[in-house]
């Protein structure tokens, strides 16, 4: 790498049982780019550099063809048609376009939007902005298992509702919402249904017709594609959905999203979807097996360990556990050769604990003690075993250091203690 | 965020982890923080009542690496100091020693609070002890 800038070294080393350290097990944050995806993208960064909007020469035609192939591949994965796929810079932009696009286009019809408390910030912050512009937003609570209550949704819908936006799979706790039922309710009430499917596409089956989804957000880098590119599915029939664009200039993507297309990225996203179409079913079985193995090893060895979110309605590769009496960041520090993340306030830039865990009714102390494991395509059984051991030994060590564990062992009811900081 | 070497050292090799007998008249126990905040520190000191020198100190902490390091460092620093000298330990000194970033400064504040709370608890016990002596003197008059 030629450079006049000093960069950090990526330090890797050999661990026991052929395990390569550090282990990456944070696949909800991002995923490694599959080498097959890289290979597919490379020509579009070298010889095939044309702009897909250049209609008059072969540099453009070659690029345009690559984009259309990608569109088909994405559509196939979610049961849509290619014309219904538009490209964006990622799921955050897709969510913004979906929500703001509907809000503006249908504002004469109504100004009420329904979403859920556990949505990604890309959805929640967009809704907050719309509230400033005079829209009314209902944030549906979730039950202890992380799922919304369908009766709450039915009660919240009214004549002013123009959009329901509920994510297919949660990025922190991996919980799968009842999308088909939500879609059915929205269809019956004539309300547009958007789902942020960033964590679901390529991991669990998603079908926009079977699940009555009208708009859907996709992100490449959550499914072994590159960062900086995503897609938005926008239904054309039964009903036809129209969106006001949020980017002006040039009218690309049927007027919905101006800007020169990120061809290498789009090619990558397309290839990632093609791989998922082929391999998803087998892969999800394998990941669920690994996840269950990790859960059983940890919960078999340690006591006072709590699972966050429904086990039944969950992404196959996700595990989110709270380890009582041990704080999350100190746990991450102890397993510094494993990359995972935590719902602890200490790990967030704003010092706020996870709002998703809070929405489940998890106490702040257990939110601070949570770890999220995101198992993915490139994780192995040997890595699972190594991680389980490291987590357990670190928790045991930190419990020896913990005044809360000491008090609990003495029989003190921690909930009855008057803490100095309260 | 990369941790400073000193924080990593205290985390991997914490000094003075454990407990002293909280019922002993020589021991002061400080318990600060709250589980909801993600930080709880228990710091104990054993003080020689003749010299007021802190002869031993132990800690236990529920919190991040910086919190563990701050309280571990606190026990190192109070040992060998008199109670009044220990009261002059400032959180800014902990920040400097451990190279804590701004977002972790509150960990050092909590460690300073823990020292003060332990000393306060010990002083309260000495107050009680003194009252008992006075009462005894009264009774014997």
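Would you mind finding the one in A:80, A:66, A:52, A:75 that is closer than 15 Å to residue A:230 by Cα and either crowded, with 20+ Cβ neighbours inside 10 Å or touching a strand residue (DSSP E or B) at 6+ places or on another chain (Cβ under 7 Å) (or both)?
A:75
Would you confirm, using the coordinates I've provided, whether residue B:89 is under 12 Å from the mean Cα position of the chain (by Cα) and away from chain A (no Cβ under 14 Å)?
yes
Looking for whichever is under 22 Å from the mean Cα position of the chain (by Cα) and more than 12 Å from chain B (Cβ to nearest Cβ) here; the options are A:374, A:343, A:411, A:328. Which one fits?
Residue meeting the stated conditions: A:374.
Going by what's in this entry, would residue B:110 be described as at the interface with another protein chain (Cβ under 9 Å from one of its Cβ atoms), part of a helix (DSSP H, G or I), surrounded by fewer than 20 Cβ atoms within 10 Å (Cβ to Cβ) and in contact (Cβ under 8 Å) with a residue 24 or more places away in the chain?
So residue B:110 fails the test.
Condition first: within 13 Å of residue A:177 (Cβ to Cβ) and either touching a strand residue (DSSP E or B) at 6+ places or on another chain (Cβ under 7 Å) or part of a helix (DSSP H, G or I) (or both). Now tell me which residues in the stretch A:120-144 satisfy that.
Listed by number, the residues that qualify are A:120, A:123, A:140, A:142.
So, residue B:51, is that one more than 10 Å from the chain's Cα centre (by Cα), assigned to a strand (DSSP E or B) and either within 9 Å of another protein chain (Cβ to nearest Cβ) or farther than 27 Å from residue A:324 by Cα (or both) or not?
no
Mind listing just one residue for me: the one in the stretch B:27-47 that is more than 9 Å from chain A (Cβ to nearest Cβ) and in contact with a helix residue (DSSP H, G or I) (Cβ under 8 Å, 6 or more places away or on another chain) and, of those, nearest to residue B:94 (Cα to Cα)?
B:43
Quick one: how many residues across the stretch A:164-193 are touching a helix residue (DSSP H, G or I) at 6+ places or on another chain (Cβ under 7 Å) and farther than 24 Å from residue A:360 by Cα?
1
Assess whether residue A:422 counts as being surrounded by fewer than 17 Cβ atoms within 10 Å (Cβ to Cβ), within 14 Å of chain B (Cβ to nearest Cβ) and modelled with pLDDT of 95 or more.
Considered against the rule, which asks whether it is surrounded by fewer than 17 Cβ atoms within 10 Å (Cβ to Cβ), within 14 Å of chain B (Cβ to nearest Cβ) and modelled with pLDDT of 95 or more, residue A:422 comes out as no.
Restricting attention to the stretch A:307-318, does a residue exist that is at pLDDT 95 or above, surrounded by 20 or more Cβ atoms within 10 Å (Cβ to Cβ) and within 14 Å of chain B (Cβ to nearest Cβ)?
no
Is it the case that some residue within the stretch A:275-287 is surrounded by 18 or more Cβ atoms within 10 Å (Cβ to Cβ) and touching a helix residue (DSSP H, G or I) at 6+ places or on another chain (Cβ under 7 Å)?
So far as the stretch A:275-287 goes, yes, one or more of its residues are surrounded by 18 or more Cβ atoms within 10 Å (Cβ to Cβ) and touching a helix residue (DSSP H, G or I) at 6+ places or on another chain (Cβ under 7 Å).
So if I check each of B:78, B:95, which one is within 24 Å of residue B:19 (Cβ to Cβ) and away from chain A (no Cβ under 14 Å)?
B:78
Keeping to the stretch B:26-39, report how many residues are under 16 Å from the mean Cα position of the chain (by Cα) and part of a loop (DSSP other than H, G, I, E, B).
1
The values are calculated or read from the model by the stated rules, or taken from the named source; none is laboratory data. Values in this document were obtained by computation on a predicted structure and should not be read as measured data. As a convention, Cβ positions derive from the backbone with ideal geometry for all residues, glycine included, and neighbour counts pool all protein chains shown.
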